[in-house]
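Supplied in structure tokens, the structure appears directly below.
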Amino acid sequence: MARYYIGPEKNNSISWRIMTAVSVTGISGIIGQLILLRELLIVSSGNELSIGIILANWLILEAFGSFVIGKRAEKSAHPLVTYTMFAVLFSISLPVMIYASRMMRPLLGFSIAQPIGITPILYSSFIILLPVSVLHGALFTYGCKIYASCTHNDAVSVGKVYVAETAGTFIGGAAWTYILLSHGTAWDMAGGIAVVNGGICVLLLAPRFSQGGTRERIWGAVSLLLCAAAGTAVLGGVTNTLHQRSVESQWNPLNIVHYEHTRYSNIGVVELDGQYTFFLDGLPRITAPIPDILSVEEFVHIPLLSHDNPSDMLILSGGAGGIIHEALKHQSIGRIDYAELDPRLIALLKQYPTQLTLQELKDPRLDVRHIDGRLFLQTVENTYDVILVGVNEPSDLQTNRYFTREFYHLASQRLNNAGILVFSVPGSLTYLNEDLRDLNASIYHTVTDVFSYVRVIPGEGSNLFLASEDQNIFTMDEFIFARRAHERGLASQTLVPRHIRNKLHTGWMGWFEEFIHGHTEKRNLDFTPVGVFYSASHWNAVFSPALQGLFQGFSSIDIKHIILVCIVIILGILTASLKKPNCLGSGISATVGTTGFTGMVFDLSLIFAFQAMYGYVFAWIGLLITAFMVGSAVGAFTATSLLFRIKNHRRVFIVLDMMIMGYALILPLLITSFQPLMTDPEALTSFRSVILLLSLVSGTLIGAQYPLANQMYLKKHGNVSRSAGLLYGSDLVGGWLGGITGGVILLPVLGLFGTCLTAVLLKACSFTILAVHREI
């Protein structure tokens, strides 16, 4: 194997340099991925369904880079130079794509806070991730080729490079979670990556400088220039200037006065003539000092006046900026507990004060708790007369947690006798599309499973839900409303008698029941979040109507259909193999592909489970991905170290595949077994460690298969670049399919159990090919 680019230096000198460079590639890759993931999630309004799409696009583009571009490493005359060139281009493309992601909404014609459909997210994230991901994928294959030329052992070298890159991923993920997430801007991080990559490239090419290599000297100078320019930009404040200008362009023509990433969300503050709007993940959450008075008064006063004497009240998120103000008008209110996860939001309300928010936050009856609302409800011992949910739809997994049967059961335990749970769901009196009907039907059937009496008051824009064990919520009419309002000294700006008479008309409940008649009866659950799917389907019908039929088809998918399809595929495989043995190949690449699919399902399932349990996955997503990658490194390292001790690689490969299938069946049982314990504060804390451990085990099983597959493939074809590219590409293609289908369709529609079972069924198909193959 050619070693012409090594020069007089010993192989081990080049070996540690390239392994260091590969580790830095892992660090750069995960941090760059998380930067763009966060930027794209802001564009998609924080919807976790986008995580699967974004990760899937990253994987498929890495597959292209590793297989299509990386396979040229075998014929490359100057692989070290090419590796350096790709690393430099990666460092340059990252800040360019950060700017492109912030310009995505204006370029696509979407205004701030306007929902974006799945299709624009799919193709726009593909374009934005394209240069960064392709270059990162190519770096892996070139790293394998360079290291293999030093060690003269192709199978072991690929495994070791995989471990080195994964180790870098671990370091980058940990740094992101504990250091970078709350410190510095995306531009600062991109500048830091450019500095490190530039320095590593200089180190990599240094041995060739004294030997007169022109290409090496040129790219060494380019790398040094990149390092110096990026360092100057970070230290000289240029990156901060670029950050400010890109934010202003992103929010143009709005006057953005504050913009920051916190551990829990992205917060933007817009000001116009003394009116402030606070955006969380691109969606308006609070407007002060003049909110939407009609909607706020309806949401607060109708439920509170439906209770004969409300004293203790709980508001779960979104209370500042009007809701608290209106609730405090009721003289009977003695205490309001207000759970708002992000302390920076409250701090910014004080930093940009209005008379409305100052009055709310300074009232002695208000107790603000900086905790996720549902976690607060799980651990608090207080009970309440009224619980208000301040989020208005299950648009993502974080908000869906307030619309599930598990939440309604929890809320019912925290309500006093005749207590009322209050929430709203998108509705309309005129735009009656199928997806909106399904969304309301699912939530209505879910809440009626728990509460004996549920009254729905339809409206244009939202439907108000009142749930209670007291049937008196149905007796509220204009006369009771007026009498209680007078007794409590309540003065309303918008709820005039004629409006209240129409709003509380007894015929509206019948209208709503007719509205949802004949539509879905699926219940919205923590681990089967169909509410998120119906919400996404509704907004896609509004802004991407061409996909409406497709989403309606997805909603009818049942695990029975998938079982039937997989049985047909397995029978087809068996029939084909009987007619012509080995006609379908060895099954190695197919197995690696389904393992990639299953690995993505594991990753998404644990991310979704964490969000369903805790509601702040974005603070931990770097650690969750890192734990999975560390597991992959452990699995790959263990398998690589045992390659020459294993006598029958095929047998071990098959056993490992069976272990992956078994784990996929056990994983949902392990996750759901902790749910009944989540009211215990100690269990809440320990379960985070359990999820990380499960992620680690998932990665270990997935990572262990790659070196074995590579060893088996090399025995047959003997080409390290082809083997690394094909198998790595198969792994990533499978991951792409898992991300697209798992994140957008399977987890929301089939739930945790159905999704993991789907992964098992797909692996059974590839396992059949592997099992019937007679010789490898």
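Nearest 20 debye, what's the magnitude of the dipole of the range 217-350 about its Cα centre given +1 on Lys and Arg Cβ and -1 on Asp and Glu Cβ?
Working: 8 positive and 14 negative charges, 166 e Å.
Once rounded to the nearest 20, the dipole reads 800 debye.
Largest first, how would 36, 235 line up by accessible area (1.4 Å probe)?
Largest accessible area first, the list is 235, 36.
Also, quick follow-up: Could you give the nm distance between label points at residue 252 and residue 352, where each point is 7 Å from its Cα heading toward the beta carbon?
2.0 nm
Let me ask another. In the chain, if the dipole is taken from +1 on Lys/Arg beta carbons and -1 on Asp/Glu beta carbons about the Cα centre, which of 247, 77, 539 is farthest to the positive end?
Looking along the dipole axis, the top candidate is 77.
What FRET efficiency comes out for the pair residue 460/residue 638, r = Cβ-Cβ distance, R0 = 45 Å, nearest 0.05?
Details: r = 61 Å, r/R0 = 1.34.
According to the calculation, E is roughly 0.15.
Further question on the same structure: Based on alpha-carbon centroids, what's the gap between the range 78-119 and the range 10-62 in Å, whole number please?
Between the Cα centre of the range 78-119 and that of the range 10-62, the gap is 13 Å.
Let me cross-check residue 105: its accessible surface, 1.4 Å probe, with only protein heavy atoms counted, in Å² to the nearest 10?
Only protein atoms counted, so the area is about 10 Å².
Charges at C-beta only: +1 for Lys and Arg, -1 for Asp and Glu. How large is the resulting dipole of the range 300-407 about its Cα centre, in Debye rounded to 20?
Numbers: 10 positive and 15 negative charges, 48 e Å.
Dipole about the Cα centre, nearest 20: 240 debye.
Over what distance in Å are the Cα centres of the range 743-757 and the range 616-676 separated?
For the range 743-757 versus the range 616-676, the Cα centre distance is 19 Å.
Moving on. Using only Cα atoms, locate the centre of the range 215-286 and the centre of the range 478-510, then give the distance between them in Å, rounded to an integer.
When both Cα centres are located, 48 Å separates them.
Using only Cα atoms, tell me the angle between helix 530-543 and the longest principal axis of the chain; keep it within 0 to 90° and round to the nearest 10.
Computed tilt is about 90 degrees.
According to a simple spin-label model (label point 7 Å from Cα along Cα-to-Cβ), what is the distance in nm between residue 471 and residue 689?
5.1 nm
Could you pull the accessible area for residue 508 with a 1.4 Å probe, rounded to 10 Å²?
Solvent-accessible area, nearest 10 Å²: 50 Å².
Okay, next question. What is the extension gain from residue 214 to residue 260, computed as 0.36 nm multiplied by their sequence separation minus the C-alpha to C-alpha distance, in nm to one decimal?
Values: separation 46, 0.36 × 46 = 16.56 nm, distance 4.51 nm.
Taking residue 214 through residue 260 to full extension adds about 12.0 nm, to one decimal.
I've got another one for you. Quick one: putting +1 on the C-beta of Lys and Arg, -1 on the C-beta of Asp and Glu, what dipole do you get for the range 14-129 around its Cα centre, in Debye to the nearest 20?
It works out to roughly 220 debye.
Something else: Can you give the % of DSSP beta bridges in the range 264-344 that are antiparallel, to the nearest 5?
Values: 11 of 16 bridges.
In the range 264-344, approximately 70 percent of DSSP beta bridges are antiparallel ones.
Cross-link partners among lysines for residue 350, C-alpha distance below 26 Å, same-chain residues fewer than 8 apart left out?
Partners within reach: 329, 362.
Still on this structure: Which is farthest toward the positive dipole end of the chain among 458, 704, 737, measuring Cα position about the Cα centre, with Cβ charges +1 (Lys, Arg) and -1 (Asp, Glu)?
Farthest towards the positive end: 704.
Could you check the simple spin-label distance between residue 290 and residue 558, using points 7 Å along Cα→Cβ, in nm with one decimal?
Using points 7 Å along Cα→Cβ, the separation is 5.4 nm.
Sort all Cα-Cα distances of the range 366-484 into consecutive 5 angstrom bins from zero, then give the percent of pairs in each bin up to the one containing the longest distance.
Percent of pairs per bin, in order: 2, 10, 20, 23, 20, 14, 8, 3, 0.
For the range 269-343, what number results from the quotient of the Cα radius of gyration and 2.2 N^0.38 Å? Numbers along the way, then the final one.
Values: Rg = 13.4 Å, N = 75, 2.2 N^0.38 = 11.3 Å.
Dividing the Cα Rg of the range 269-343 by 2.2 N^0.38 Å gives 1.18.
Measure nothing but the geometry: give the 0 to 90° angle between the long axis through the Cα atoms of 649-673 and the longest principal axis through the Cα atoms of the chain, rounded to 10°.
The angle comes out near 10 degrees.
How much length is gained on full extension from residue 675 to residue 77, taking 0.36 nm per residue of separation minus their Cα-Cα distance? Could the numbers behind the result be given before it?
Values: separation 598, 0.36 × 598 = 215.28 nm, distance 5.72 nm.
Between residue 675 and residue 77, full extension yields 209.6 nm more.
Give me the percent relative contact order of the chain, please, defined on Cα pairs under 8 angstrom at least 6 residues apart. It would help to have the intermediate numbers written out before the result.
Numbers: 1368 pairs, mean separation 135.6, N = 776.
This gives 17 percent for the chain.
Another one. Would you tell me the accessible area of residue 535, worked out with a 1.4 angstrom probe on the heavy atoms of the protein chains, in Å² to the nearest 10?
Accessible area of residue 535: about 0 Å².
Something else: Out of all DSSP beta bridges with both ends in the chain, state the antiparallel percent to the nearest 5. Each step should come with its number before you reach the end.
On the way: 30 of 47 bridges.
Of all bridge pairs located within the chain, approximately 65 percent are antiparallel.
As a test of understanding, state the convex hull volume per residue of the chain from its alpha carbons, in Å³.
Details: hull volume 118.3 nm³, N = 776.
Given the Cα convex hull of the chain, per-residue volume reads 152 Å³.
State the extension gain, in nm to one decimal, for the chain segment bounded by residue 380 and residue 517, taking 0.36 nm per residue of separation less the distance between their alpha-carbons. Working shown, then result.
Details: separation 137, 0.36 × 137 = 49.32 nm, distance 3.75 nm.
Gain in length upon complete extension: 45.6 nm.
Using only DSSP helix segments of four residues or longer, with each worth -39500 (n - 2.57), what per-residue ellipticity at 222 nm results for the chain after dividing by its residue count and rounding to 500? Mind showing how you got there, number by number?
Numbers: 29 runs with 493 residues, N = 776.
It comes out at -21500 deg cm²/dmol, rounded to the nearest 500.
With a 1.4 Å probe and all protein chains left in place, how much accessible area per residue does the range 337-379 have, in Å²? Spell out each step's value before the answer.
Numbers: 1770 Å² over 43 residues.
For the range 337-379, the per-residue accessible area is 41 Å².
Also: Tell me the angle of helix 11-43 to the major Cα principal axis of the chain, expressed in degrees between 0 and 90 and rounded to the nearest ten.
That helix lies at roughly 20 degrees to the long axis.
Here's another thing I want to ask about it. With the Cα gyration tensor of the range 456-547 in hand, give its eigenvalues times 5 under a square root as the equivalent ellipsoid semi-axes, listed largest first in whole angstrom. Please list the in-between numbers first.
Values: eigenvalues 211, 55, 36 Å².
After diagonalising the Cα gyration tensor, the semi-axes are 32, 17, 13 Å.
What is the pair-distance distribution P(r) of the range 607-689, computed from all Cα-Cα distances in 10 Å bins starting at 0, with each bin given as a whole percent?
14, 35, 29, 17, 5, 0
The values are calculated or read from the model by the stated rules, or taken from the named source; none is laboratory data. Please read these numbers as outputs of a predicted model, since none were measured by experiment. Cβ coordinates were reconstructed from backbone atoms using ideal geometry, including for glycine residues, and neighbour counts include every protein chain displayed. Please note that ligands, DNA and RNA were not included when accessible areas were found on the heavy atoms of the full protein model with its side chains. Shrake-Rupley method; radii C 1.70, N 1.55, O 1.52, S 1.80 Å.
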